[in-house]
Amino acid sequence: MEYDPYSYEIDRDPYPVYRWLRDSEPVYYNERLDFYALSRFEDVERASMDYHTFTSARGTVLELMDATMTGAIIIFMDPPRQTRLRNLVSKAFTPGRVAELEDRIRRMAVEHLAPLVEAGGGDVVREFTARLPMDVISTLLGIPAEDRDEVRGWSNASLHREPGRPEPPATAIEANAKMWAYFEGAVAERRARPRDDMMTALTSAELRADDGSLVRLNDEEIVSFAMLLAAAGNETVTKLLASGIYWLWKHPEQRRVLTEDPSIIPNAVEEMLRFDPPSHYQGRVLTRELSLHGVTMPAGAKVALITGSTGRDERMFDDPDRFDVRRTIDHHLGFGHGWHICLGASLARLESRIALGEFLTRFPDYDVDEDAIEVVHSSNVRGLASLTIG
């Protein structure tokens, strides 16, 4: 058996392959694509904390690791530089600031659900789960409403991969270039005419350098931040919500639990993150030779930390293939772990709780056209591109 993160067949259901990896090849090597993979919860958790051995400095996406990294993208850094930049941006995601967004997020959710309610159903991704997260992150960044669909389209296209082909297709490269040009222009505009948004705040933010002096972010760093936040804010919640709606349809008894007691919805979000998360692996490069489970990985080896597998690891979770919104979950890796845990995790949780609650209030009993489902095809992000309900 082969674990190929670019396989469309595996995209449809990677979990049998993940089980095989955990049981038979806990340190897996794909000779054809030249990368190793860790799939057990404990191994992935430890590796996520050990940036001295598992570095992010050459990127976190397998197919991009051989390209020259600019170093301006925070997820392509290690501490201490990563920590300083992360602390700077995390000020926008404090619990207090996130809580202030609740009423606004609820209004957006209700607005986007209205067409589905009026039509008695439709494509829940196109009308709801893709639009709400983009509106939320755009509100923070300062992306005008008229530009959001285009920015979301570029983000989606930049992540697309063709069947069995690791390298980004020409359409992905073009979309990434357009997205860069857009945010480059937006940052220049903020410098000339400041606004009350995150992009403006980043142009004036000060960061303490290694020598103790205060420095400001350059345009490349700000553009990289903005692109990352726009893409992550869009991708994570879009995929999580659509997958959650799908699994609640597959398990109507679990859906009834939530419609009868909405207070369980926050726990249901954690179960969705454990059971079928949006992000499935984080790439690292070994800084030294390392032996694990009888396999020696050389220095310089590319390693995929398969967080998507860890939520189904029976060594950590009882009966892990059972979807249970009441499950007690002490800890999962659905938002990553350690130095690169998702910066906007608290915001993503809030969006997801509100969105699911408002959706189930309006659609307590819905059906899914399973034949019309479309799957996103990326190397490290998994989810649905289309989900029609009725």
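The values are calculated or read from the model by the stated rules, or taken from the named source; none is laboratory data. It should be emphasised that the depicted structure is a prediction, and the values quoted were computed from it without experimental measurement. Counting neighbours? That spans all protein chains shown, and the Cβs are built from the backbone with ideal geometry, glycine included.
Given the criteria without any contact (Cβ under 8 Å) to a residue 12 or more places away in the chain, in a loop (DSSP other than H, G, I, E, B) and not aromatic (Phe, Trp, Tyr), does residue 328 qualify? Explain how you work it out, then say what you get.
Numbers: without any contact (Cβ under 8 Å) to a residue 12 or more places away in the chain: yes; in a loop (DSSP other than H, G, I, E, B): yes; not aromatic (Phe, Trp, Tyr): yes.
Spelling it out, residue 328 is indeed without any contact (Cβ under 8 Å) to a residue 12 or more places away in the chain, in a loop (DSSP other than H, G, I, E, B) and not aromatic (Phe, Trp, Tyr).
Any idea which residue in the range 165-196 is farthest from residue 108 (Cα to Cα), counting only those that are assigned to a loop (DSSP other than H, G, I, E, B) and out of contact with any helix residue (DSSP H, G or I) (no Cβ under 8 Å at 6 or more places or on another chain)?
First, the residues of the range 165-196 that are assigned to a loop (DSSP other than H, G, I, E, B): 165-169, 193-196.
Within this subset, residues satisfying the condition of being out of contact with any helix residue (DSSP H, G or I) (no Cβ under 8 Å at 6 or more places or on another chain) are 165, 169, 193, 195-196.
Working: 165: 38, 169: 34, 193: 27, 195: 22, 196: 20 Å.
The extreme case among them is 165.
From 17, 110, which residue is buried (at least 17 other Cβ atoms within 10 Å of the Cβ), assigned to a helix (DSSP H, G or I) and not charged (D, E, K, R)? Full working, then the answer.
Details: 110 fails: buried (at least 17 other Cβ atoms within 10 Å of the Cβ).
None of the other options fit; the residue is 17.
Sort out which residues of the range 341-368 are in contact with a strand residue (DSSP E or B) (Cβ under 7 Å, 6 or more places away or on another chain) and modelled with pLDDT under 95, and write them in order of number.
342 - this is the single residue of the range 341-368 that is in contact with a strand residue (DSSP E or B) (Cβ under 7 Å, 6 or more places away or on another chain) and modelled with pLDDT under 95.
Quick check on the range 20-38: of everything there that is within 15 Å of residue 291 (Cα to Cα) and of a type outside the set (A, V, I, L, M, F, W, C), which residue is surrounded by the fewest Cβ atoms within 10 Å (Cβ to Cβ)?
The qualifying residue surrounded by the fewest Cβ atoms within 10 Å (Cβ to Cβ) is 29.
Restricting to the range 294-309, give me the number of residues that are of a type in the set (Gly, Ala, Ser) and surrounded by fewer than 21 Cβ atoms within 10 Å (Cβ to Cβ). Before the answer, list the steps.
Within the range 294-309, the subset of a type in the set (Gly, Ala, Ser) is 294, 299-301, 304, 308-309.
Remaining after also requiring surrounded by fewer than 21 Cβ atoms within 10 Å (Cβ to Cβ): 294, 299-301.
Residues that pass the stated criteria total 4.
Quick one: how many residues across the range 296-325 are touching a residue at least 12 places away in the same chain (Cβ under 8 Å), over 18 Å from residue 62 (Cβ atoms) and out of contact with any Lys or Arg (no Cβ under 9 Å at 6 or more places or on another chain)?
Residues flagged as touching a residue at least 12 places away in the same chain (Cβ under 8 Å), over 18 Å from residue 62 (Cβ atoms) and out of contact with any Lys or Arg (no Cβ under 9 Å at 6 or more places or on another chain) within the range 296-325 amount to 1.
Taking the range 126-153 as the search range and keeping residues that are more than 16 Å from the chain's Cα centre (by Cα) and hydrophobic (A, V, I, L, M, F, W, C), which one is farthest from residue 230 (Cα to Cα)?
The selected residue is 128.
Residue 319: under 30 Å from residue 107 (Cβ atoms), acidic (Asp, Glu) and modelled with pLDDT of 95 or more, yes or no?
No, not satisfied.
Suppose we keep only residues that are under 18 Å from the mean Cα position of the chain (by Cα) and not polar (S, T, N, Q) within the range 154-167. Which one would you say is farthest from residue 7 (Cα to Cα)?
Within the range 154-167, the subset under 18 Å from the mean Cα position of the chain (by Cα) is 154-161.
If we keep only those that are not polar (S, T, N, Q) too, we end up with 154, 157, 159-161.
Values: 154: 22, 157: 17, 159: 14, 160: 12, 161: 9 Å.
That would be 154.
What do you reckon, is residue 43 of a type outside the set (A, V, I, L, M), free of Cβ contacts under 8 Å to residues at least 12 places away in the same chain and not in a strand (DSSP E or B)? Quick ask: steps written out before the conclusion?
Working: of a type outside the set (A, V, I, L, M): yes; free of Cβ contacts under 8 Å to residues at least 12 places away in the same chain: no; not in a strand (DSSP E or B): yes.
No, not satisfied.
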